[in-house]
Amino acid sequence: QSKTIYLKDYRAPDYLIDETHLTFELFEDHTLVHAQLVMRRNPELSAELPVLSLDGQQLELLRITLDDRELTAADYQLSDSHLTLQPTQASFVIDSTVRIHPESNTALEGLYKSSGMFCTQCEAEGFRKITYYLDRPDVMSKFTTTVSGDKQKYPILLSNGNPIASGSEEGGRHWATWEDPFKKPAYLFALVAGDLWCVEDKFTTLSSREVTLRIYVEPENIDKVQHAMDSLKKSMKWDEEVYGREYDLDIFMIVAVNDFNMGAMENKGLNIFNSSCVLARAETATDAAHQRVEAVVAHEYFHNWSGNRVTCRDWFQLSLKEGFTVFRDAEFSADMNSRTVKRIEDVAYLRTHQFAEDAGPMAHPVRPDAYMEISNFYTLTIYEKGSEVLRMIHTLLGNQAFRKGSDLYFERHDGQAVTCDDFVKAMEDASGIDLTQFKRWYTQAGTPRLAVSEAFDATARTYTLNFTQSCPATPGQSDKLPFVIPVELGLLDARGNDLPLRLQGEAAASGTSRVLSVTEAQQSFTFVDIAEQPLPSLLRGFSAPVKLSFPYDRDQLMFLMQHDSDGFNRWEAGQQLSVQVLQELIGQQQRGEALVLDQRLVTALRSLLQDGRLDQAMVAEMLSLPGEAYLTEISEVADVEAIHGAREFARQQLAEALFEPLWQRYQANREVSKGTPYVAEAEHFARRSLQNIALSYLMLTGKPEVLAATLEQYEACDNMTERLTALAVLVNSPFEAERGKALEAFAEHFKDNALVMDQWFSVQAASTLPGGLQRVQALMQHPAFTLKNPNKVRALIGAFAGQNLVNFHLADGSGYRFLADQVITLNALNPQIASRLLAPLTRWRKYAAARQALMKAELERILASGELSADVYEVVSKSLA
Ligand code: ASP
Ligand code: ZN
Ligand code: NA
């Protein structure tokens, strides 16, 4: 039913669109779109004039002319995806008028309405739902856009570029014309019309140009914009300093909308954001939300160069802009906050979610070579693994050569639509480093394994590390060639100091932390002048997205936790220690034995808690045990109940054994929080994160003083970070009466704030107490819930299926049935959201036979449920293949 599109079939466009002149007439029950396209035959192709095939979906064609000649039905062919006609000259103008229905567009793609305002989402292929067009990123055009609408309902009329004219019409209507001087593909088009307020600021660029910055929101949210504005100014400055990139229009606008499929969209000069990625203030948004706003504002702003000025030739190259831009925003966040903590969070996320994608039926390379529905390829692989690929290039080239490479890339390709190969070529040309083999990261899917063994020779005073790399088969790729794996490492002596590193054949030692390139399936590196058996610290900073194994014992891991000079690897040693301890508990649980916690974990965490010199955020990260989803990902066959039981047992034991130091740290931090107004900065994030993880452990003891402290924090705090933690702690506690009261009070207080209510839904959806499914079903009836709002779907159903693993994977299959029902309903409303929601069911191979059968049965049921969108069909059919 759905057809597969292949990279190998790419052909340059037959025709180009030099100018695009759009007029939108917005009405309550329809919208008219007039499009004038100034076109010509692609001069790089032959002089013949092939048939012109314009993309268009769900459009009602009212009128079309070719060079002022009105066409009749005999002059063109219409299908539900194309309008085809025969040009007679090399240059021509097409004028069309179509009627569309944004007011009933629930897919949130193309032009749609959200909370009474008009807005657009055109990436990847939404523009074809607005007008007949060559909707492909390698067709770049200069746009002018006129929007007309009711003056009262839509006082603000926006599009890309600069405003050039406006006026009133009869009947209470008005209009505005915008001109974007930069050529752009249709996916970067945007239009907004609504009753919006804005916060305005200024930014002076490197070359002293003044740019007006505006963030538009619904009036009631005008008090939640400052953080995004601050983040925008920091981003603009950072991109000038770190990449030499300056903003290029006179105005930069962000608009917040409530109904949005993704996080945000980098439309030229007019970014449209999910309100969850713009709005933030202490009382209503957590620390995590503040950091997310900062990161997403930066991400979209950075796209102005990495995405807009230089864009993708075709959608197989999506990671060209996304991987690069995620890498850029990650470095920005690292510079604004704690670099190590940011790295830890990103790696934990990658290993839990992207590694699972790499091991599942939708596994694909960073540059895929086939897809049915491109919306399904806005994935963790394209974004997060793509960013890791960029990070490795940065590691291999070094900072200076990388910057030279990015300068060359932007200079060489400004105004063009290019490929990942073009990007790598610029990096090679600027650095003189050959990246031919490295490019396998773009073409081979799957997470490489890197097994490491050691050999110390006391007589020869040499220490050898032997690396063996492999990569499991993924759909369509059974055999893989060796990758280039940059391994940053150090060697620790018995006191925990880094040894000077000198490889065999080198004249002298250089450095104590170095990057080795592992390029062969098996490869050894020998260090000389090594007097005593060292302990290796491998893959520092997670220098490559691989699964590394080295036979550390637990004492060695404890040693690394204390002494490794690399902060990331101190955390990593703690994670590996926890994984070993938890896997032992899982085994005991499976064999029906009494659970016994290795006390070394208690000792290690106690010394962290007692060391007042450590960064509190690091201590908090180290106290967080690997999540159930990560433990699932690293299991051969995931035993849902044993994983949950083992992890909860460990948390309980730690809470009891470490009660005193946890209580001390909690109280000390809460005291500071009480006396400090909320600040969204790293040091304050750190204090609250330790305070809050301590509280969640403490509550496991059920002591009355902890309940009292939780209630105090819940009621007296001045910010959502502390309040939501206290609520979550109560929700997962045995104190039923207090839980009920807090939930009720919270909902009453925040009922008019959709984003806060999302948090309220999520906290309950993630509660692992028995009866999770029934609670979620009941919450779906709550007046604040609707399937039409993606944030609500993610907050309640997504959180349940993705985070509440014991309840979702209930052995009777009720969780699977529930999710499949929601997917079937959403398939008709919003295919993109339906397709994303179903990801947990695609992981069926991870489970034992009984669960596999139940999960597959639900996938089959979805497949048989009737008219499936391409989005859902692709994921379901590939999962069953
Ligand atoms: N290009 C967007 C982003 O990565 C995603 C989208 O809305 O399509 O921010
Ligand atoms: Zn992006
Ligand atoms: Na405070």
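Based on this model, can you work out whether Gly171 counts as touching a strand residue (DSSP E or B) at 6+ places or on another chain (Cβ under 9 Å), without any contact (Cβ under 8 Å) to a residue 24 or more places away in the chain, part of a loop (DSSP other than H, G, I, E, B) and surrounded by fewer than 20 Cβ atoms within 10 Å (Cβ to Cβ)?
yes
Would you point out the residue of segment 236-260, among those that are touching a residue at least 60 places away in the same chain (Cβ under 8 Å), open to solvent by less than 10 Å² (accessible area, probe 1.4 Å) and part of a loop (DSSP other than H, G, I, E, B), that is farthest from ligand 1 (Cβ to nearest atom)?
Leu249
What number of residues within segment 839-865 are in a loop (DSSP other than H, G, I, E, B) and in contact (Cβ under 8 Å) with a residue 40 or more places away in the chain?
Adding up the residues that qualify gives 4.
Run Ala280 past the list (1) within 29 Å of His364 (Cβ to Cβ); (2) aliphatic (A, V, I, L, M); (3) in contact with a His (Cβ under 8 Å, 6 or more places away or on another chain) and report the number of the one that doesn't hold.
(1)
Could you look through segment 105-125, keep only residues that are open to solvent by 10 Å² or more (accessible area, probe 1.4 Å) and in contact with a Leu (Cβ under 8 Å, 6 or more places away or on another chain), and pick out the one that is nearest to ligand 2 (Cβ to nearest atom)?
Across segment 105-125, the extreme among qualifying residues is Glu123.
Out of contact with any Phe, Trp or Tyr (no Cβ under 8 Å at 6 or more places or on another chain) and farther than 17 Å from Val872 by Cα: which single residue out of Gln822, Gln832, Gln764 fits that description?
Only one candidate qualifies: Gln764.
Go through segment 277-306 and count every residue that is under 16 Å from the mean Cα position of the chain (by Cα) and within 25 Å of Thr212 (Cβ to Cβ).
Final tally of qualifying residues: 14.
Would it be correct to say that Ala686 is more than 16 Å from ligand 2 (Cβ to nearest atom), open to solvent by 30 Å² or more (accessible area, probe 1.4 Å) and either part of a helix (DSSP H, G or I) or β-branched (Val, Ile, Thr) (or both)?
For Ala686, the condition - more than 16 Å from ligand 2 (Cβ to nearest atom), open to solvent by 30 Å² or more (accessible area, probe 1.4 Å) and either part of a helix (DSSP H, G or I) or β-branched (Val, Ile, Thr) (or both) - is not met.
Would a scan of segment 694-710 turn up a residue that is farther than 25 Å from Pro661 by Cβ, assigned to a helix (DSSP H, G or I) and open to solvent by 30 Å² or more (accessible area, probe 1.4 Å)?
Checked segment 694-710: no residue is farther than 25 Å from Pro661 by Cβ, assigned to a helix (DSSP H, G or I) and open to solvent by 30 Å² or more (accessible area, probe 1.4 Å).
With the requirement that a residue be charged (D, E, K, R) and either in contact with a helix residue (DSSP H, G or I) (Cβ under 6 Å, 6 or more places away or on another chain) or under 17 Å from Phe685 (Cβ atoms) (or both), what does segment 657-673 give you?
Selection gives Arg665, Arg670.
Hey, does segment 15-24 have a residue that's in a loop (DSSP other than H, G, I, E, B) and either crowded, with 17+ Cβ neighbours inside 10 Å or of a type outside the set (Phe, Trp, Tyr) (or both)?
Looking for residues that are in a loop (DSSP other than H, G, I, E, B) and either crowded, with 17+ Cβ neighbours inside 10 Å or of a type outside the set (Phe, Trp, Tyr) (or both), one finds none in segment 15-24, hence no.
What number of residues in segment 321-351 are touching a strand residue (DSSP E or B) at 6+ places or on another chain (Cβ under 6 Å) and either open to solvent by 10 Å² or more (accessible area, probe 1.4 Å) or of a type in the set (D, E, K, R) (or both)?
1
Can you find even one residue in segment 595-606 that is within 27 Å of Arg449 (Cβ to Cβ), of a type in the set (Asp, Glu) and in contact with a helix residue (DSSP H, G or I) (Cβ under 6 Å, 6 or more places away or on another chain)?
Yes.
Residue check: is Gly263 within 16 Å of ligand 1 (Cβ to nearest atom), surrounded by fewer than 24 Cβ atoms within 10 Å (Cβ to Cβ), closer than 28 Å to Asn105 by Cα and among the small types (Gly, Ala, Ser)? I'd like the intermediate steps shown before the answer.
Working: within 16 Å of ligand 1 (Cβ to nearest atom): yes; surrounded by fewer than 24 Cβ atoms within 10 Å (Cβ to Cβ): yes; closer than 28 Å to Asn105 by Cα: yes; among the small types (Gly, Ala, Ser): yes.
In short, yes.
Within the set of pairs 6 or more residues apart or between chains, which connect a residue that is among the acidic types (Asp, Glu) inside segment 781-802 to a residue that is not in a helix (DSSP H, G or I) with Cβ atoms less than 8 Å apart?
Once the first residue is among the acidic types (Asp, Glu) and sits in segment 781-802, no partner that is not in a helix (DSSP H, G or I) comes close enough.
Sort through Gln437, Gln400, Gln444 and tell me the only one that's modelled with pLDDT of 95 or more and surrounded by 15 or more Cβ atoms within 10 Å (Cβ to Cβ).
None of the other options fit; the residue is Gln444.
Open to solvent by less than 10 Å² (accessible area, probe 1.4 Å), within 15 Å of ligand 2 (Cβ to nearest atom) and in a helix (DSSP H, G or I): is that true of Val297 in this structure?
Judged against the criteria, Val297 is a match.
What tally of residues in segment 454-499 results from selecting those that are of a type outside the set (Lys, Arg), open to solvent by 50 Å² or more (accessible area, probe 1.4 Å) and out of contact with any strand residue (DSSP E or B) (no Cβ under 9 Å at 6 or more places or on another chain)?
Count: 8.
Out of segment 83-104, which residues are open to solvent by 10 Å² or more (accessible area, probe 1.4 Å), among the β-branched types (Val, Ile, Thr) and under 17 Å from Tyr15 (Cα atoms)?
If the condition is that a residue be open to solvent by 10 Å² or more (accessible area, probe 1.4 Å), among the β-branched types (Val, Ile, Thr) and under 17 Å from Tyr15 (Cα atoms), then Thr84, Thr88, Val93 are the ones that fit.
Restricting to segment 133-180, name every residue that is β-branched (Val, Ile, Thr) and more than 16 Å from Arg214 (Cβ to Cβ).
Val139, Thr144, Thr145, Thr146, Val147, Ile164, Thr177
Condition check: more than 28 Å from Tyr243 (Cβ to Cβ), more than 15 Å from ligand 1 (Cβ to nearest atom), in contact (Cβ under 8 Å) with a residue 24 or more places away in the chain and assigned to a helix (DSSP H, G or I). Does Thr352 satisfy that?
yes
With respect to Asn791, determine if the residue is closer than 23 Å to Gly126 by Cβ and in contact with a Ser or Thr (Cβ under 9 Å, 6 or more places away or on another chain).
Working: closer than 23 Å to Gly126 by Cβ: yes; in contact with a Ser or Thr (Cβ under 9 Å, 6 or more places away or on another chain): yes.
For Asn791, the condition - closer than 23 Å to Gly126 by Cβ and in contact with a Ser or Thr (Cβ under 9 Å, 6 or more places away or on another chain) - is met.
Quick test of your reading of the structure: Leu597 fulfils all but one of (1) open to solvent by less than 40 Å² (accessible area, probe 1.4 Å); (2) farther than 19 Å from Arg343 by Cβ; (3) in contact with a strand residue (DSSP E or B) (Cβ under 9 Å, 6 or more places away or on another chain). Name the failing condition by number.
The single condition Leu597 does not satisfy is (3).
Conditions tested, residue by residue: (1) open to solvent by less than 40 Å² (accessible area, probe 1.4 Å); (2) over 17 Å from Leu724 (Cα atoms); (3) at pLDDT 95 or above.
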{"position": "Trp760", "(1), (2), (3)": "yes, no, yes"}
{"position": "Leu769", "(1), (2), (3)": "no, yes, yes"}
{"position": "Gly772", "(1), (2), (3)": "yes, yes, yes"}
{"position": "Arg775", "(1), (2), (3)": "no, yes, yes"}
{"position": "Ala784", "(1), (2), (3)": "yes, yes, yes"}
{"position": "Lys788", "(1), (2), (3)": "no, yes, yes"}
{"position": "Val793", "(1), (2), (3)": "yes, yes, yes"}
{"position": "Ile797", "(1), (2), (3)": "yes, yes, yes"}
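Just wondering, is there one or more residues in segment 334-342 that are closer than 20 Å to Phe423 by Cα and part of a helix (DSSP H, G or I)?
Restricting attention to segment 334-342, the residues satisfying the condition of being closer than 20 Å to Phe423 by Cα are none.
No: segment 334-342 contains no residue that is closer than 20 Å to Phe423 by Cα and part of a helix (DSSP H, G or I).
Kindly provide the set of residues from segment 734-791 that are within 24 Å of His290 (Cα to Cα), over 26 Å from the mean Cα position of the chain (by Cα), of a type outside the set (Gly, Ala, Ser) and not in a loop (DSSP other than H, G, I, E, B), ordered by number.
The answer is Leu743, Phe746, Glu748, His749, Phe750.
Please pick out the residue among Glu200, Glu170 that is modelled with pLDDT under 95 and of a type outside the set (Ser, Thr, Tyr).
On inspection, the qualifying residue turns out to be Glu170.
The values are calculated or read from the model by the stated rules, or taken from the named source; none is laboratory data. For clarity, every value in this text was computed on a predicted model and none was experimentally measured. Please note: Cβ atoms are built from the backbone with ideal geometry, for glycine as well, and neighbour counts cover all protein chains shown. The accessibility values were calculated without ligands, DNA or RNA, using every heavy atom of the protein model including side chains. Shrake-Rupley method; radii C 1.70, N 1.55, O 1.52, S 1.80 Å.
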